[in-house]
Amino acid sequence: MNLLDAMTAFVRVAELGSYTRAAETLDLSRTRISRLIMELESHLGVRLLQRTTRRLHLTEAGESYLASAQGILQALEEAEAELGAGSTEVCGRLRVNGPMSFGMRFLSPLITRFMVEHPALEVRLDLNDRRVDLLEEGYDLAIRIGSLPDSTLVAQRLARCRMIACASPEYLARYGEPRSLAELTEHRCLRYRTTGGSEWQFGGQRLTVHGPLESNNGDVLTHAAEAGLGIAHQPSFLITESICQGRLVPLLQNEEPITLGIYGVYPARRHLPAKVERLLDYLAEAWGDPPEWEREMGLSPIAQ
């Protein structure tokens, strides 16, 4: 039995309350996780987990061992990070999470280039719009856009984007162009569901909008706007190509836009692993200020 592997498996199962979820985060089979924990219990001579058909329960011995095991694994992680902090080599496994649309356009290509430059690095890149728990799900780094309510994490701003109202030339020819926020509320608006989509903000003003489509994906709304279905209020990185190619027209440019930070978020540690630090620097340099998606549209830098 590899004691460190068994301890890691036990801690992950205890934290997540599931063999299956632990197996996913560790990239092991459920059978392997179960065997490691049984070997650990045999090695210790105690039962750590009570298994029922519905859930797992820590025994008294399991609760005591969990606290010790978590401390040991944290100490090992910090020791490795401290050794790696002075190393110029980027290697090992790196788990990264990012939002779907932004990740496909701007994160994935850079991750690929970064890996070409550092062939000893192994990356697992997961893209989705769900707010993942970095600690529970085992991510080293997440890219997040907008507010950051979790104070247990460290955030480094990498870039910014601004929210832009836009519509297709066909829509504007049919319904007219809104010249004020008051006029905007009378138009067909395409709403992003996961951020309270019926409320749009410009500068310090908030307004309630209505329209025929609501979605939790920005690409869906961009395509709908291009088709003339309504007005979208989208991050600049999503609509750069559409505006540059004339499929969408920016609106209400006299209104102050809302800006959103694009952050690299990672668990608080005494020493940041070299692979995470190097990737953060790489992304920040590549995106720049103003970021590439706003340079393409000819937008000036966002005021600090």
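Here are some notes:
- The set of residues in region 109-158 that are open to solvent by less than 40 Å² (accessible area, probe 1.4 Å) and assigned to a helix (DSSP H, G or I) comprises L110, I111, F114, L134, E137.
- Restricting region 276-297 to residues that are at pLDDT below 90 and of a type outside the set (D, E), the residue that is farthest from A155 (Cα to Cα): M297
- Pairs with Cβ under 9 Å, 6+ apart, first in region 109-135 and within 15 Å of I145 (Cα to Cα) and free of Cβ contacts under 8 Å to residues at least 60 places away in the same chain, second surrounded by 15 or more Cβ atoms within 10 Å (Cβ to Cβ) and among the basic types (K, R): R131/R144
- The listed residue being assigned to a loop (DSSP other than H, G, I, E, B), aliphatic (A, V, I, L, M), in contact with a helix residue (DSSP H, G or I) (Cβ under 8 Å, 6 or more places away or on another chain) and buried (at least 18 other Cβ atoms within 10 Å of the Cβ), out of L238, L283, L272: L272
- Index of the failed condition, G230 passing every other in (1) out of contact with any helix residue (DSSP H, G or I) (no Cβ under 6 Å at 6 or more places or on another chain); (2) surrounded by fewer than 17 Cβ atoms within 10 Å (Cβ to Cβ); (3) under 15 Å from P169 (Cβ atoms): (2)
- Within region 40-64, the set of residues being open to solvent by 60 Å² or more (accessible area, probe 1.4 Å) and assigned to a helix (DSSP H, G or I) comprises S42, H43, L44, E60, E63, S64.
- Per-region count, region 1-22, residues closer than 15 Å to L56 by Cα and of a type in the set (A, V, I, L, M, F, W, C): 7
- Any hit, region 172-184, residues being in contact (Cβ under 8 Å) with a residue 12 or more places away in the chain, touching a Pro at 6+ places or on another chain (Cβ under 9 Å) and of a type in the set (S, T, N, Q): no
- Any hit, region 252-262, residues being closer than 21 Å to P291 by Cβ and small (G, A, S): yes
- Counting the residues of region 23-35 that are closer than 17 Å to R93 by Cα, without any contact (Cβ under 8 Å) to a residue 60 or more places away in the chain and open to solvent by less than 70 Å² (accessible area, probe 1.4 Å) gives 1.
The values are calculated or read from the model by the stated rules, or taken from the named source; none is laboratory data. Bear in mind the structure is a predicted one, so any value in this text is a computation, not a measurement. Note that each Cβ is placed from the backbone with ideal geometry, even for glycine, and that neighbours are counted across all protein chains shown. Note: areas computed on protein heavy atoms with side chains; ligands, DNA, RNA excluded. Shrake-Rupley method; radii C 1.70, N 1.55, O 1.52, S 1.80 Å.
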